[in-house]
Amino acid sequence: MKRFIIRRLFTSILALVGVTVIVFSMSRMVGDPRILLLPQQGYGMNQQEWDAAASRLHLDRAIPVQYGYWIADILRGNLGMDLADRTPIAPKLTQKFGPTLTLSLSAWLLAIVVGVPLGVLSAVKRNSLLDYVARAIAIGGQSLPTFWVGILAILLFAVWLGWLPVGTMGEGFAIRNLILPTIILAWLPLAGYVRLVRSAMLDIMDSEYIKLARAKGVVEWTVIWKHGFRNAIIAPLTFAGLTLAGLISGSIAVETVFSWPGIARYAVEAVWNNNLPVLAIVTLLFTVAFVVANFLVDVLYAYLDPRIRLG
Amino acid sequence: MKTPSRHLPFTMVVLALVLSVAVACGSQDPPAEPTSTATQTSSTAVSTPTSVTAPDPGNGTQPSGTVTIAVQTVGTRGGIPRDCPFCALNTSAGLQETMLLAERTNGDVTVQPGLAESWTVADDLSYTDMEIREGVSFHKGMGDLTAEDVVFTFNEMNPNVTSGAQHDTGGDLTPVLERTEVIDESTVRFHWIGFAAHYHLQWLSNYFEGIGIFSKRAWDEMGEEWMRENPVGTGPFELERYTQNEGIFLTAVSDHWRKTPFVAEVRYLEIPEPSNRRAMLESGQAQIAQIDLKDWSALFDDGFEKAAEEGPANDLGIVMGGNYWETHHPSTGDTLDRTIDTSLPWVGNPYENGDEFDENTPSMQRAKKVRMALGMTIDREGINDSIVEGLGLVSNLGSIGDNDPIFQANADRWTVPYDPGRAKELLEEAGYPDGFRAGFYTQPGIEAEVGDAVTAIWRNELNIDMAMDRQSYSAWRPQRINRTVNQLNFHSMWSAFPATWPGEWLISAVSAPTGFNSGMELPKATETLEAKQSTVDIEELEGLTVEFQDYINEWALYPGVVEAPQAAIYDPQAISEWTMYPMVNFALGGAKAPEFIRLAP
């Protein structure tokens, strides 16, 4: 197990380094970064200031040295400057991480709380009305574009029925504002849980030891949840780790449609404004989230399934 | 359709007359002593106060209620004067105030006293002295306004004084304002490099990119970093909170010197999706919203109304990108390093026969025919009816609005006929009988829709296939800065001002090396700009304008398409009153001057 963890840790670090190289290279591909410092109107910089900016940004050094400075700054917590208002990026990321985490965790929990039992029931009540409904929810969640569903939901629940607000996070912790974006964001992973759990449960419930349990007269509830579900949980558990990382980075459409002031919106604005320092850091952050989640899932998976760590 | 620029030339006539009298009556011996005083007691239209700008601290009641405004973007924080990326937002939101205030009186736009109570222009137009209003307080307990605050603000944002200053208006002031100086405790002096008749209105009032006054005490006591986070002004609203991508949250100043707001709180919320802004307005979650033009008619049918003052019309003129015809910088004389790519059908090279500018070179004549063909194959009426819902105006020349009095006086010459047949003949003469393929950059929204319509007509009528470039403006903008534009593209703003204003800098090399430029550098533009900055005589200014527009028209350098209106839409059932200053920036979706918003009972 120890060797397995060390091996996974090493490959994770390697992946992180690779990502930093790619992100840095891409940020340098668009030309001279100093162009981004010029205001939209006005007379910009004179030659002296232009040269000073090169020195300040280490552009007068070789590319690998520039990369070294960049990494060193990040490790020291200096994530650079937001070109939009020329203020440090780090406090903004902290500020925007809260709304994103609130939304992502809510959606993650909703997807698990609803998706997993629905998957189990769908398998147990195979070909029933409940099964058909669950499968329809799963197909809808996986095939309907999030932004489109979001806009329709706003039209229905906010404009026509007037039950919920159109968007924004509201003042303080406004539950009403959280409901629609959470449901929309949760739908896709919920669909994944339904399909994954249903499939796993169908396999398990057909196995010999389940038949034996039933033959021995174990009550159906215990058969399903103790003997069936516990053995079917490994795949959804793996899925859950990656889903959380995916929700944090993948809420772009939902944050845009619902005007949610999180990291994903920040990233979208950075794309539109050619705000490369922000884009580089956000990309790096998302990638780190995935790599860390992947690592934790690998470890958890190995812990739960001896075949992995011994193989 | 109302347009803020319509009557401005008449104002300029008055202003020019005042200044001319000042020059005529004043001493001829330099240095000139001030002899003309335009104060609030003057009888001129320039300085007569009105009920809007007169101090009116009491509404009878204390501010109450909250108004929510849904806008596409709340931009960036106010910053510091040296580094304020979008400072017009501060004045538009009522957070900061300008030295003068713009006001529309009987259709004309005039300047009124603002933070300056009175002012005096030197006989030789080299400076303006302004008397600061007493008893105006900064927010957050930063004391009263002084001459030091005004000088601090203007010198910090002026690249002529502060090297590297990047206030969004600062760059525009480089050829205009040399420096600002404290004369005494309540008097400041603006030293002009070149004084044009409209400069008080353009640079010192809230009309265009008026410069809001920052607190020097905040800078001295709290430091730069604090000030970046906490823009301090004297406006009727104080900043409670600004969160990027979320909103601006303002609270009313309860005893403001000029206008105590009716509402206690204003919330500008950033709602990027146009459909959501409309949904917020319709559901009552917002009382005012920035709405796409295509939705206006439906909302009007449902009883919603347009704000009293519109922002500048989005006048879409086509820049024939790549015609960089200037060889030396107008101010420094430095040689300009430009590539004139004559493989682009609309680009001509006037230096094919040597170092002298020659408009008769083969490429100049060929490109002129191509540009004329493009300009006369635009169905302006059709585009206005279909894309702009009939709410806009056609635009024949991109460098002057069709409703400008100077255009109207010359409309017979400057109206471009829709004549695809003649255009085909011109293309054949230019050597493109089978059309050509090229690039056209547009920003998303109305620009892209109009661009698609124009290029569809070109494709059908002239077999010209335009590849539409839709990358973000920020990503594309370096081409403008570097003078490497090789596509057609739109540029708007000309119709926001009277044609007599020196807008020619937008297509001149004067802003080189790193300043804004539309994609062309024309010696004629520089020549006109310099001439306009050396006179306040309105007839001379009009003459220069006509000459310049004749040149643009003859060489088909800037064909216009359409002027699309821009304004905030509000719910009259929620808002009973909302007057507004004429302000031709489109900050905050046109939802400006919130101190005049009164909620319905």
Checklist entry - Among A:L16, A:L130, A:M26, whose Cα lies farthest out toward the positive end of the dipole of the range A:1-150, if unit charges sit on the beta carbon of Lys, Arg (+1) and Asp, Glu (-1)? => result A:L130
Checklist entry - Any idea what the relative contact order of the range A:192-244 is, in percent, if you count C-alpha pairs under 8 Å spaced at least 6 apart? => result 49 percent
Item to check | Average projection area in nm² (convex hull over Cα atoms of the range B:478-588, one quarter of hull surface) | outcome: 9.7 nm²
Checklist outcome for this item: The answer for B:R258, listing residues at least 5 apart or on another chain whose modeled amide H is closer than 5 Å to its amide H, is B:D56
Checklist outcome for this item: Along principal axes, largest first, the alpha-carbon spread of chain B in whole Å comes out as 71, 66, 44
Next on the checklist: Distance cut-off 24 Å, Cα to Cα: go down the list A:K92/B:K592; B:K140/B:K216; A:K2/A:K226; B:K140/B:K259 and report the pairs above it.
Outcome noted: A:K92/B:K592; A:K2/A:K226
Checklist entry - Kirkwood hydrodynamic radius (Cα pairs, Å) of the range A:47-182? => result 19.8 Å
Checklist outcome for this item: Taking the square root of 5λ for each eigenvalue of the C-alpha gyration tensor of chain A, the equivalent ellipsoid has semi-axes, largest first and in whole angstrom, of 45, 27, 13
Item to check | Rg ratio (alpha-carbon, reference 2.2 N^0.38 Å) - the range B:227-354 | outcome: 1.74
Checklist outcome for this item: Here the convex hull volume per residue of the range B:393-513, taken over Cα atoms and given in Å³, is 138 Å³
Next on the checklist: With viscosity set to 0.890 mPa s at 25 °C, what whole-number translational diffusion coefficient in µm²/s follows for the range B:255-296 from Stokes-Einstein and a Kirkwood radius over Cα pairs?
Outcome noted: 204 µm²/s
Item to check | Farthest toward positive dipole pole in chain B [+1 Lys/Arg, -1 Asp/Glu at C-beta], among B:T335, B:W476, B:H167 | outcome: B:W476
Checklist outcome for this item: In debye to the nearest 20, the charge dipole size for the protein assembly as shown, taken about the Cα centre with +1 at each Lys and Arg Cβ and -1 at each Asp and Glu Cβ, equals 6580 debye
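Provide, as a two-decimal number, the C-alpha radius of gyration of the range A:172-311 over 2.2 N^0.38 Å, N being how many residues it has. Please list the in-between numbers first.
Details: Rg = 20.2 Å, N = 140, 2.2 N^0.38 = 14.4 Å.
Normalised Rg, Cα atoms only: 1.41.
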Checklist entry - What is the spread of the Cα atoms of the range B:373-436 along each of their three principal axes, largest first, in whole Å? => result 37, 27, 17
Next on the checklist: Taking 8 Å as the Cα distance limit and 6 or more residues as the minimum spacing, I'd like the relative contact order of the range B:204-271 as a percentage.
Outcome noted: 21 percent
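Evaluate the relative contact order of the range B:178-326 (contact order divided by residue number), counting alpha-carbon pairs under 8 angstrom at least 6 apart; express in whole percent.
9 percent
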Checklist entry - Setting aside same-chain residues fewer than 8 positions from A:K216, which aspartates and glutamates have a Cα under 13 Å from its Cα? => result A:E208
Checklist entry - So which GluC sites (Glu not before Pro) in the range B:317-377 pass both tests, a DSSP loop state and at most 11 other Cβ atoms within 10 Å of the Cβ? => result B:E356
Checklist entry - Taking Cα atoms, how many degrees apart are the long axis of helix A:175-205 and the longest axis of chain A, rounded to 10 and kept between 0 and 90? => result 50 degrees
Checklist entry - Can you give the direction-averaged projected area of the convex hull of the alpha-carbon atoms in the range B:327-451, in nm²? => result 10.6 nm²
Item to check | Percent of C-alpha pairs per 5 Å bin, the range B:364-406, short to long | outcome: 5, 21, 20, 22, 17, 10, 5, 1
Item to check | Taking only Cα atoms of the range B:328-389, radius of gyration then Dmax in Å | outcome: 16.9, 50
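When Lys and Arg each count +1 and Asp and Glu each count -1, what net charge do the other residues less than 15 Å away from B:G348, Cβ to Cβ, add up to?
-3
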Checklist entry - B:S118's amide H: which non-local residues (gap 5+, or another chain) put their own amide H closer than 5 Å, with H modeled 1.01 Å from N in plane and none for Pro or chain starts? => result B:E131
Checklist outcome for this item: 1/(1 + (r/R0)^6) with r = Cβ-Cβ of B:Q573 and B:S275, R0 = 22 Å, i.e. FRET efficiency to nearest 0.05, evaluates to 0.55
Checklist entry - Which ³J(HN,Hα) values, rounded to whole Hz and listed in residue order, are derived for the range B:568-584 from phi using the Karplus coefficients 6.51, -1.76 and 1.60 in 6.51 cos²θ - 1.76 cosθ + 1.60 with θ = phi - 60°, glycine and proline given as x? => result 7, 10, 9, 9, x, 6, 9, 10, 8, 7, 7, 7, 7, 5, x, 9, 8
Next on the checklist: With a cap of 13 neighbouring Cβ atoms within 10 Å, and only residues DSSP puts in a loop, list the chymotrypsin sites (Phe, Trp or Tyr not before Pro) found in the range A:191-286.
Outcome noted: none
Checklist entry - Each label point is 7 Å from the Cα along the Cα-to-Cβ direction; what then is the distance between the points at A:V65 and A:A52, in nm? => result 2.1 nm
Item to check | Two-decimal Rg to Rh for the range B:452-506 - Kirkwood Rh, Cα set | outcome: 1.06
Next on the checklist: How far apart, in nanometres, would the label points at A:V218 and B:E359 be if each is projected 7 angstrom from Cα along the Cα-to-Cβ direction?
Outcome noted: 9.5 nm
Item to check | Dipole of chain A, positive end: most advanced residue of A:S199, A:L185, A:F173 [Cβ charges, Cα centre] | outcome: A:S199
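Taking a quarter of the surface of the Cα convex hull of the range B:532-601, what do you get in nm²?
7.8 nm²
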Next on the checklist: What does the net charge come to around B:A512 if you take all other residues with beta carbon closer than 11 Å to its beta carbon, with K and R at +1 and D and E at -1?
Outcome noted: -2
Next on the checklist: If I model a spin label at B:S64 and A:L161 as a point 7 Å from the Cα along the Cα→Cβ vector, what separation in nanometres do I get?
Outcome noted: 3.5 nm
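Report Rg(Cα)/(2.2 N^0.38 Å) for the protein assembly as shown, keeping two decimals.
For the protein assembly as shown, the normalised Cα radius of gyration is 1.06.
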Checklist entry - Taking the Cα atoms of the range B:210-287, what is the range of coordinates along each of the three principal axes, in descending order and whole Å? => result 46, 28, 22
Item to check | Cut-off under 5 Å, modelled amide H: who pairs with B:V394 long-range | outcome: B:E563
Item to check | Straight-distance crosslink candidates among lysines, where the alpha carbon sits under 27 Å from B:K369 and sequence neighbours closer than 8 are dropped | outcome: B:K424, B:K524
Checklist entry - Roughly what % of Cα-Cα distances in the range B:115-219 sit above 17 Å, to the whole percent? => result 51 percent
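How much length, in nm to one decimal, is gained on full extension between B:R470 and B:A600, taken as 0.36 nm per residue of separation minus their Cα-Cα distance?
Working it through step by step, the gained length comes to 42.6 nm.
A short reminder: the numbers here are calculations on the coordinates, not readings from a lab. Keep in mind that this is a model prediction, so the values were computed, not measured. Every residue, glycine as well, gets a Cβ built from its backbone with ideal geometry; the counts of neighbours run over all protein chains shown.
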